[in-house]
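Reviewing the structure listed below.
Coordinate-derived values only; no laboratory data. Bear in mind the structure is a predicted one, so any value in this text is a computation, not a measurement. With ideal geometry, Cβ positions are generated from the backbone for all residues, glycine too; neighbour counts draw on all protein chains shown.
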Amino acid sequence: MKIRTVIADDEELARRGLRALSQRCEDLELICECRNGREAVDAIYRHRPDLVFLDVQMPGKTGFDVISAITDIERPHVVFVTAYDKFALRAFEVHALDYLLKPVNEERFDAALARVRVAMAHATDKAMVQRGRVAAALPVATSASTVSAVDRLAIKANGRIVVIRVTDIDWIEADGDYVSVHVGEKTWLMRETIAAVELRLALFGFVRIHRSALVNAERVTELRPRDKGEYTVVLNDGTELKLTRSYRESVERLVGANF
């Protein structure tokens, strides 16, 4: 399946770099390049792309203005591209899939594209997952103080931002349009659907075992058979969760269990 892609950046050098990185990928089809925000909005409505590499600061409309202008069609996956990391939290709020700092290198580009592939695969398998609710991200680490899009979540709590390493998360529980993120003895409430969080963490060993539960496969120590092909999943801290039949395949793929 081809990933139909638009590049939107007012700098020719930046567009050229993204174009060169894109041409390395056989499944990425570059259909349009835009020089400003207005062109980006027109291109998205005209071509209905799967993916947009979107600069934050452009003439006419910013990247965030472009996102706000797309209201009556299915929104493409968005990867922000910018020279500044100060827009990271806002990118998180508008549910960007990733956030690349210029100059973009091959490693970070490939990581972002891998997230796009996972998101598209999940959207294909689960039609109820809307693209506009997929993984948000923070900027790639360029210094010890920069939050990484790859291995951390940012959760708003009591007027502050709590940064949690993905590897520290034990499991995640759905609660309507929120999820409870369980980290050791602490639980953090995050405004995100479990389907969106599933997309965000799919590359990092998290699997959906129930319509209301997502688990870090590294925490699983035991699977106890139940009736009707279901299992009790036991985590290393003794937590017991239910694995339903409809989610057995994903667990098999990630933990290598032979049910």
Self-check item: Whether segment 160-237 is rounded, prolate or oblate, judged on the alpha carbon gyration tensor where a/c under 1.5 counts as rounded
Solution: prolate
Quiz prompt | R0 of 41 Å, Cβ-Cβ distance TYR45-THR187: FRET efficiency to nearest 0.05 | solution = 0.50
Quiz item: From the phi of every residue in segment 187-192, what ³J(HN,Hα) in whole Hz does the Karplus formula 6.51 cos²θ - 1.76 cosθ + 1.60 yield, where θ is phi - 60° and glycine or proline is x?
Solution: 10, 10, 8, 10, 7, 6
Practice problem: For ARG4, list long-range residues whose amide hydrogen, built 1.01 Å from N in the peptide plane, is under 5 Å from its own amide hydrogen. | Solution: GLU29, ASP50, LEU51
Self-check item: Theoretical FRET efficiency, 1/(1+(r/R0)^6), r = Cβ-Cβ of LYS2 and ALA121, R0 22 Å, to 0.05
Solution: 0.95
Quiz prompt | Per-residue HN-Hα couplings for segment 166-183 [Karplus 6.51, -1.76, 1.60; θ = phi - 60°; Hz; x = Gly/Pro] | solution = 4, 5, 8, 6, 8, 7, 9, 10, 6, 8, x, 8, 10, 9, 9, 9, 8, 10
Exercise. Give, in nm to one decimal, the length gained when the segment between GLN57 and GLU26 is fully stretched (0.36 nm per residue of separation minus the Cα-Cα distance).
Key: 8.3 nm
